[in-house]
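Everything on this sheet refers to the single structure shown next.
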Amino acid sequence: MNLAKFARRGYVTTPTPIEYVPRFSKAVGADINIYIKRDDLLPGTGGGNKTRKLDFSIADALKQGADTIITCGAVQSNHCRLTLAWSVKEGLDCHLVLEERVKHSYNPEASGNNFLFQLLGVKSITVVDGGSNMMAEMEKVAEKLRAQGKKPYIIPGGASNSIGAMGYVSCAEETLRQLFDMQLKIDHMIVPSGSAGTHAGIIAGMIGNNAGIPVTGIGVNRKKPVQEAAVLKLANETLERIGTSARVDAKDVVAFDDYVGPGYSLPTPAMVDAVKLLAQTESILLDPVYSGKAMSGLIDLARKGYFPKGSNVLFLHTGGSPALYAYLDTFRA
Ligand SMILES: *Cc1c(COP(=O)(O)O)cnc(C)c1O
């Protein structure tokens with residue numbers, strides 16, 4: 001697909017590694033070979049998936065003459081951390097609107113990404129209740145800034161619109177090229193599914209390239225039918241923006257909700273086990289909110305026989321490890 005015609009800032013400088021994890025595969029004990037696409041190693045402060053999306057989103061902001069970026073996320077948002085980080089690099093002001101998805105969860109003294117918001121010099125943080133209309137809240141901030149003569153540009157939560165999702169179409173294409181170079185046949189891909197741009201972009205890229213690699217999403221928040229509808233809609237909007245005739249079908253979109261536990265960002269015992277197992281077999285750090293829960297899903301599905309014996313399974317590691325430092329008690333317990 002021709003992504004070269006879209007403005008981009010060039011934040012993704014090299015393909016991220018695809019790493020075989022034999023000790024972890026053996027520990028999972030389901031007779032499958034697990035590979036990890038290391039998007040946790042993407043450039044940008046602390047790494048992680050939002051860099052690929054912001055490569056397109058911030059290019060669009062600059063094209064429109066913006067001098068200020070506004071975005072939103074949860075109180076430990078990796079997306080907010082990376083939007084702020086790339087804004088700093090670009091010389092743009094950055095304002096954040098944080099949603100308390102868990103009541104009273106915002107603590108200005110908290111560690112993890114929250115500490116990095118301060119360290120990177122965020123211009124302002126507005127905290128709103130869980131379930132708020134985040135677009136409307138960001139628009140309020142934009143209105144104030146416009147009155148001060150600023151030119152704000154709003155990036156939606158997770159940069160999950162058809163602009164940001166192109167970053168993950170590009171990741172699918174990068175992955176296919178790497179698999180060719182490695183002469184590696186992957187039978188199944190597992191991706192975390194949150195604000196949906198990552199999952200939508202990967203599936204759009206795989207379907208658009210007739211890759212024949214099924215993709216399973218592991219939801220971290222919404223119920224299965226709601227998440228699948230969001231992924232399907234965004235995948236097709238993205239393909240439309242790119243200008244290809246390919247479309248994703250509802251049957252190609254799977255986003256399990258079995259691994260969310262009590263709710264978004266709330267720890268589960270299986271998440272803790274998954275984070276510890278990968279750390280202690282392969283020295284790779286997952287995160288408590290996304291990649292840890294997604295890996296707990298991969299482990300459970302593998303042990304239930306979801307992947308035929310001998311399968312090569314590729315896990316997309318979307319990053320997020322700075323959030324670990326806001327969850328010390330969870331891991332020490
Ligand atoms: C945002 C995020 C995700 C989910 O990606 P979406 O595009 O929002 O679905 C997964 N992992 C990490 C670490 C994230 O920060």
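The values are calculated or read from the model by the stated rules, or taken from the named source; none is laboratory data. Nothing here was measured: the structure is a model prediction, and the numbers come from that model. Cβ sites come from the backbone with ideal geometry, for glycine too, and all protein chains shown count toward neighbours. Please note that ligands, DNA and RNA were not included when accessible areas were found on the heavy atoms of the full protein model with its side chains. Shrake-Rupley method; radii C 1.70, N 1.55, O 1.52, S 1.80 Å.
Ratio to report: Rg/Rh of the chain, with Cα atoms as the point set and Rh obtained by the Kirkwood method; give two decimals. Intermediate results must be reported in sequence, preceding the final value.
Working: Rg = 18.9 Å, Rh = 19.9 Å.
So for the chain, dividing Rg by the Kirkwood Rh gives 0.95.
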Compute the length gained on full extension between Lys63 and Leu328: take 0.36 nm times their separation in residues and subtract their Cα-Cα distance, giving the result in nm to one decimal.
91.3 nm
For segment 50-159, alpha-carbon Rg relative to the globular expectation (2.2 N^0.38 Å, N residues):
0.98
GluC sites (Glu not before Pro) restricted to DSSP loop in segment 104-200 with at most 10 other C-beta within 10 Å
Glu109
Note: Lys26 to Lys224 extended length (0.36 nm per residue) minus current alpha-carbon separation gives 68.3 nm
What whole-number distance in Å separates the alpha-carbon centres of segment 264-288 and segment 54-79?
29 Å
For Ile190, what residues show an amide H to amide H distance below 5 Å, using hydrogens built from the backbone and excluding near sequence neighbours?
Thr216, Leu314, Phe315, Leu316
Principal axis box of segment 109-201, alpha-carbon based, largest edge first, Å
55, 30, 26
Checked segment 96-152 with the C-alpha gyration tensor, a ≥ b ≥ c its square-rooted eigenvalues, rounded below a/c of 1.5, otherwise prolate if a/b is larger than b/c and oblate if not; verdict oblate
Straight-distance crosslink candidates among lysines, where the alpha carbon sits under 28 Å from Lys26 and sequence neighbours closer than 8 are dropped
Lys37, Lys185, Lys276, Lys293, Lys304, Lys309
Under 23 Å between alpha carbons - lysine pairs in segment 50-159 that sit 8 or more apart or on different chains:
24
Share antiparallel - DSSP beta bridges, the chain, percent rounded to 5
10 percent
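Subtracting the Cα-Cα distance from 0.36 nm times the residue separation, let me have the gained length for Asp249 to Lys276 in nm, one decimal. Can you show the working numbers first?
Values: separation 27, 0.36 × 27 = 9.72 nm, distance 3.62 nm.
Length gained between Asp249 and Lys276: 6.1 nm.
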With every protein chain present, what accessible area does Arg101 have (1.4 Å probe, heavy atoms only), rounded to the nearest 10 Å²?
100 Å²
